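The values are calculated or read from the model by the stated rules, or taken from the named source; none is laboratory data. Computed from a prediction, not measured in an experiment: that's the story for all the values here. With ideal geometry, Cβ positions are generated from the backbone for all residues, glycine too; neighbour counts draw on all protein chains shown. Note: areas computed on protein heavy atoms with side chains; ligands, DNA, RNA excluded. Shrake-Rupley method; radii C 1.70, N 1.55, O 1.52, S 1.80 Å.
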Amino acid sequence: MRVSVITFPGSNCDRDAQHVFSSRGHSARLVWHKDRDLENPDLVILPGGFSYGDYLRCGALARYSPIVKEVVSFAEKGGMVLGICNGFQILTETGLLPGALMMNKHLQFICRHQYVRVENSDSPFTNGLETGTILDIPIAHKEGNYFIDSEGLKRLKDKGQILFRYCDHTGALADNPNGAIDDIAGIVNEKRNVLGMMPHPERAATDSVISQDGKEIISAIERFFAANA
Amino acid sequence: MLKAKIFVELKPSVLDPQGKAVTNTLQGMGFSKVTDTRISKYIEIRFDSDDAELCALETENICKSLLANPNTETYHYELEEL
């Protein structure tokens with residue numbers, strides 16, 4: 001699999017994402033945000049961090065970086081895009097994903113392990129995972145409070161676009177860390193090729209860290225490409 | 001030269017946790033009549049032009065494309081001569 005990870009000024013999870021994919025035998029490269037060539041990837045990752053220092057609104061300035069135009073056209077042609085944390089914020093700013101990420105309800109930056117529940121296995125990012133699977137995946141953000149109007153929320157539910165919800169260790173929807181509407185931790189677009197999620201699977205995918213549950217999501221992506229190769 | 005004075009505000013339907021925290025503090029300070037606080041952004045942009053119509057159009061485009069997020073925010077502005 002060829003993976004292009006975009007580095008914006010202020011990205012800080014780009015190398016983690018690159019490392020996780022390269023250590024699994026994939027060709028993972030970093031692409032600078034001012035470049036205009038995605039280098040023919042199978043998967044584009046918009047990594048976590050604080051692009052442009054989160055000035056104005058998280059992701060608002062990154063959305064106008066030259067490479068983002070290429071990411072949008074790649075996604076519109078069906079290319080797979082994964083936005084993690086700040087990457088999710090950038091995806092909502094581009095309009096590839098609906099809604100917005102607002103400041104956490106309690107105003108605090110949170111950095112901790114978080115359980116999320118797989119809500120839908122009908123996507124390249126969750127295929128093979130049973131609905132209801134509980135994953136321990138770290139979160140680290142101050143603006144992760146997903147918001148969408150009631151009409152938009154209904155559409156997300158009707159089309160099965162909510163892939164992950166925050167939950168407690170039993171899978172109950174009783175541990176929402178940031179006030180996100182309907183406990184939403186991650187959504188896909190209607191075509192199901194663009195995923196935005198606040199939790200960091202790349203921080204839970206190496207043997208040296210406490211949770212390896214992020215590997216479940218990465219394995220699902222690998223399964224998707226293996227089946228569609 | 002013209003200056004655009006732009007206000008970007010959260011939609012009334014969107015919770016403003018910062019505003020809530022400020023309300024709580026104000027009430028704690030003894031400002032007992034305070035019931036609500038909303039925190040907005042104020043942005044000034046200067047144009048090298050005296051054409052009010054053109055600057056209004058530019059300001060409108062700037063607000064729509066970058067300064068305000070239509071999902072959560074509204075904007076309004078006024079132009080001022082410098």
Odd one out for B:Val14 among (1) closer than 28 Å to A:Thr94 by Cβ; (2) not in a loop (DSSP other than H, G, I, E, B)
(2)
Quick one: in region A:137-148, of everything that is open to solvent by 20 Å² or more (accessible area, probe 1.4 Å) and out of contact with any Lys or Arg (no Cβ under 9 Å at 6 or more places or on another chain), which residue is nearest to the other protein chains (Cβ to nearest Cβ)?
A:Phe147
Taking region A:31-55, which residues are open to solvent by 50 Å² or more (accessible area, probe 1.4 Å) and away from chain B (no Cβ under 14 Å)?
A:Trp32, A:Lys34, A:Asp35, A:Arg36, A:Asp37, A:Glu39, A:Asn40, A:Asp42, A:Phe50
For the structure I just gave you, tell me whether B:Ile45 is free of Cβ contacts under 8 Å to residues at least 60 places away in the same chain, of a type outside the set (Lys, Arg) and part of a strand (DSSP E or B).
yes
Filter pass, B:Lys5 being within 20 Å of A:Lys105 (Cα to Cα), in contact (Cβ under 8 Å) with a residue 60 or more places away in the chain and not β-branched (Val, Ile, Thr):
no
Return only the number of the condition from (1) within 29 Å of A:Ala180 (Cβ to Cβ); (2) within 15 Å of the chain's Cα centre (by Cα); (3) open to solvent by 60 Å² or more (accessible area, probe 1.4 Å) that B:Glu44 does not satisfy.
(1)
Residue hits (region B:1-37; within 30 Å of B:Ser49 (Cβ to Cβ) and open to solvent by 40 Å² or more (accessible area, probe 1.4 Å)) are B:Met1, B:Lys5, B:Phe7, B:Glu9
